[in-house]
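Take a look at the structure set out below.
The values are calculated or read from the model by the stated rules, or taken from the named source; none is laboratory data. The model shown is predicted, which means the values in this text are computed figures rather than measured ones. No Cβ is skipped: glycine too gets one built from the backbone with ideal geometry, and neighbour counts run over all protein chains shown.
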Amino acid sequence: MAMMGETEVAAMHSSTSFSLISVNYPLISALVAFALAQGIKFFTTWFKERRWDMKQLVASGGMPSSHSAVVTALAAAIGFQEGFGGPLFAIALVLACIVMYDATGVRLQAGRQAEVLNQIVYELPAEHPLAESKPLRELLGHTPLQVIAGGLLGLLTAAIGLLGRVITS
């Protein structure tokens, strides 16, 4: 039996890693939910403002919440795959709740504070040292409706992924 060289071992490991990721239903559900949420934001911006804003493909804030979509898709897919009574689902559910609570709480309030601070800096006299400060990002968090929409998108993504798995099995 011939020994494999480092290149063959690396190629085999890389191929195995890719195939494991490609069949990782929870991971794929989360990634697809993220892509869908960000895509929706991208096209929503175009419909509202009639301009393409490439930043929307990775920006935080807005409708729907991509954070909520990701963690909900992940938790739902884990629940569908491993069962809703297991420790993996419990971990994913707690993580999802923390992320969604944070999005409507801390991050939303930080965005509102950034709005106020930007307005204060805008009204400073030109000679003030902070007058030329770069504005703070204001769109950080989400309204409850944006979080709910993201959660529903994540749940729908995981459910469609489950249906696809069932059909192809």
Quick one: would you say ARG107 is part of a helix (DSSP H, G or I) and at pLDDT 75 or above?
no
Would you confirm, using the coordinates I've provided, whether PHE89 is of a type outside the set (Ser, Thr, Tyr) and outside any helix (DSSP H, G or I)?
no
Take region 153-169 and flag every residue that is closer than 15 Å to ALA37 by Cα, in contact (Cβ under 8 Å) with a residue 24 or more places away in the chain and not polar (S, T, N, Q).
LEU153, GLY154, LEU155, ALA158
Those residues of region 60-82 that are surrounded by fewer than 19 Cβ atoms within 10 Å (Cβ to Cβ) and in contact with a helix residue (DSSP H, G or I) (Cβ under 7 Å, 6 or more places away or on another chain) come to a total of 3
Here is a check on your reading of the model: is LEU93 at pLDDT below 95, surrounded by 13 or more Cβ atoms within 10 Å (Cβ to Cβ) and at negative phi?
no
Given the options VAL32, VAL23, name the one that is within 20 Å of ALA158 (Cα to Cα), modelled with pLDDT under 95 and not hydroxyl-bearing (Ser, Thr, Tyr).
VAL23
Test ALA76 against the criterion of being without any contact (Cβ under 8 Å) to a residue 24 or more places away in the chain and closer than 23 Å to ASP102 by Cβ, and give yes or no.
no
Can you work out which of the residues in region 117-169 that are closer than 28 Å to GLY62 by Cα and of a type in the set (Lys, Arg) is modelled with the highest pLDDT?
LYS134
Pull out all pairs, ordered by first then second residue, where Cβ-Cβ is under 7 Å, the residues are six or more apart or on different chains, the first lies in region 125-145 and is assigned to a loop (DSSP other than H, G, I, E, B), and the second is at pLDDT 70 or above and surrounded by fewer than 10 Cβ atoms within 10 Å (Cβ to Cβ).
ALA131/PRO125
